[in-house]
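Read-outs throughout are calculated quantities, based only on the coordinates presented, and are distinct from any laboratory measurement. These numbers were taken from a predicted model, which means no experiment stands behind them. A quick note on method: Cβ atoms are made from the backbone with ideal geometry, for glycine too, and the neighbour counts reach across all protein chains shown.
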Amino acid sequence: MNTTSVRFLQSAVISAGILQIENIGAGVGLILFDSERKIAAGLHIMAPSSRAVSAKNPVMYADTAIPHILEELKKKGVRPPFSVAIAGGAGMLGKRNGADIGRKVVEAVKIALKKTGLVPKLNKTGGAQVRTMILDVDAGKIRVV
């Protein structure tokens, strides 16, 4: 089975195989999945807000990443409803700033999702562990390890 890995500041849209987002620490991994059409999008978001600056990479910021991937899906004829899963937002190295950054990215992702009418069904955020999200598109199962 083919595996598509989504790395830092990347996104991917697939229609078969495994979608995997690895090394999610203070950032947030996001999966949008259309179970009827068997199409999934994955993102690895690293920061909360672009502050209205034109981002060279829209996947970097929560406020630009979600509209960006929704537009990519729309170009392929895919529209909500989606199953939504998020993971990450870890407080890294036990530092206060690390915890704040992770929390801020999670909050920004939730706000951006809410603006588009999307609500996470799976939410594995916070804590101090680095996570990996895995979606088997054919089986329709999302795991966070």
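Assuming L43 fulfils every condition listed in (1) over 13 Å from A112 (Cβ atoms); (2) in a strand (DSSP E or B) apart from one, which condition is it?
That leaves (1) as the condition not met.
Please find, among I24, I39, the residue that is farther than 17 Å from K110 by Cβ and crowded, with 19+ Cβ neighbours inside 10 Å.
One residue alone meets the criteria, I39.
Would you mind finding the one in G89, G102, G127 that is farther than 17 Å from H44 by Cα and either surrounded by fewer than 20 Cβ atoms within 10 Å (Cβ to Cβ) or touching a Gly at 6+ places or on another chain (Cβ under 9 Å) (or both)?
On the way: G89 fails: farther than 17 Å from H44 by Cα; G102 fails: farther than 17 Å from H44 by Cα.
Result: G127 is the single residue among G89, G102, G127 that is farther than 17 Å from H44 by Cα and either surrounded by fewer than 20 Cβ atoms within 10 Å (Cβ to Cβ) or touching a Gly at 6+ places or on another chain (Cβ under 9 Å) (or both).
Name the residues in segment 27-36 that are surrounded by 21 or more Cβ atoms within 10 Å (Cβ to Cβ) and either out of contact with any strand residue (DSSP E or B) (no Cβ under 7 Å at 6 or more places or on another chain) or within 13 Å of V109 (Cβ to Cβ) (or both), would you?
The answer is G27, V28, G29, L30, I31, L32.
Please specify each residue of segment 22-36 satisfying the condition of being of a type in the set (A, V, I, L, M, F, W, C) and assigned to a strand (DSSP E or B).
Selection gives I24, V28, L30, I31, L32, F33.
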